[in-house]
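Below is one structure, written out as structure tokens, with a few remarks after it.
Every read-out reported here was derived from the displayed coordinates using simple, explicitly stated rules and does not represent laboratory data. This is a predicted model, so every value here is computed, not measured. Counting neighbours? That spans all protein chains shown, and the Cβs are built from the backbone with ideal geometry, glycine included.
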Amino acid sequence: MIIKDKKIFIAKHIYLAVLTTNVFINNLIILTFEFKLNLKKMADITLKGNPINTIGNLPKVGSKASEFSLKTVALATNSLSDFIGKNIVLNIFPSVDTGTCATSVREFNKQAAKLENTVVLCISKDLPFAQARFCGAEGIENVVMLSDFANGSFGKDYGLEITNGPLADLHSRAVIVIDTNGKVVHTEQVPDIVDEPNYEAALNAI
């Protein structure tokens, strides 16, 4: 009787051990699948040829642009809805204190003066004070500088916050064009952050 009870006891523990192992393996498979799925969602870009990633991908062309609220150089708040009814060019970059970013703001500032019913929003996580200083020094008057410094929600919602590397938590270099109805009509995730965006492609989308 004792031997029989022992066998039942051992069998139960073996069963529980196998069951626990199967649950662990299943959970591991699910976690691996989710990890690979998240990797696919990230945009692969580079910084001077070195691979880095963003938190996601840019909005799809044809989709409705997500609302956002950002700080102006005067510390007021501008939202996407403030500009609906105009063509909107979002010129997004890591910081005005880098050469390529400054060049893109100057170029869009020059082009914006020629555009009808169009506004160019230059967006980074620079403090509004730094953006104001840059605009004053460069004579930038035809674009709207906006800062995502407060909580970084714009970078997260638009899938362009950098997740690793020396520029982690800043924005990638990207251009998004939104039409007068708030629909995304053009996107460009610049492959290497040191490169300039394709200005012509963005302007042709208007």
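Under 1.5 on a/c is rounded, so check that first for segment 156-206, then, if it is not, pick prolate when a/b is larger than b/c and oblate when it is not; a ≥ b ≥ c are the square roots of the alpha carbon gyration tensor eigenvalues.
Details: a/c = 4.25, a/b = 1.60, b/c = 2.65.
Here segment 156-206 falls in the oblate category.
If we count other beta carbons within 10 Å of each Cβ, what is the order of V177, V185, fewest first?
On the way: V177 24, V185 18.
Neighbour counts put them in this order, fewest first: V185, V177.
Which value in nm describes the separation of the simple spin-label points at N142 and I84, placed 7 Å from the Cα toward the beta carbon?
So the two model labels end up 2.8 nm from each other.
Within 10 Å of each candidate Cβ there may be at most 16 other Cβ atoms; applying that plus a DSSP loop requirement, which trypsin sites (Lys or Arg not before Pro) in segment 98-206 survive? All intermediate terms of the calculation are to be shown ahead of the outcome.
On the way: sites: R106, K110, K114, K125, R133, K156, R173, K183; in loops: K114, K125, R173.
Listed in order of number, the matching sites are K114.
Within segment 116-206, which GluC sites (Glu not before Pro) sit in a loop by DSSP and count at most 16 neighbouring Cβ atoms inside 10 Å? It would help to have the intermediate numbers written out before the result.
Details: sites: E116, E138, E141, E161, E188, E200; in loops: E116, E141.
Sites meeting the loop and neighbour criteria: E116, E141.
Which links in K156/K183; K60/K156; K60/K110; K48/K114; K60/K86 stretch past 25 Å when you go from one Cα to the other?
Details: K156/K183 19 Å; K60/K156 15 Å; K60/K110 28 Å; K48/K114 33 Å; K60/K86 20 Å.
Check vs 25 Å cut-off fails for K60/K110; K48/K114.
According to a simple spin-label model (label point 7 Å from Cα along Cα-to-Cβ), what is the distance in nm between A150 and N117?
Reported label-point gap for N117 and A150 is 3.0 nm.
If each residue of separation counts as 0.36 nm, what is the full-extension length gain between A201 and V61 once their alpha-carbon separation is subtracted? Please report the intermediate quantities before stating the final value.
Values: separation 140, 0.36 × 140 = 50.40 nm, distance 1.38 nm.
Gain on extension, A201 to V61, equals 49.0 nm.
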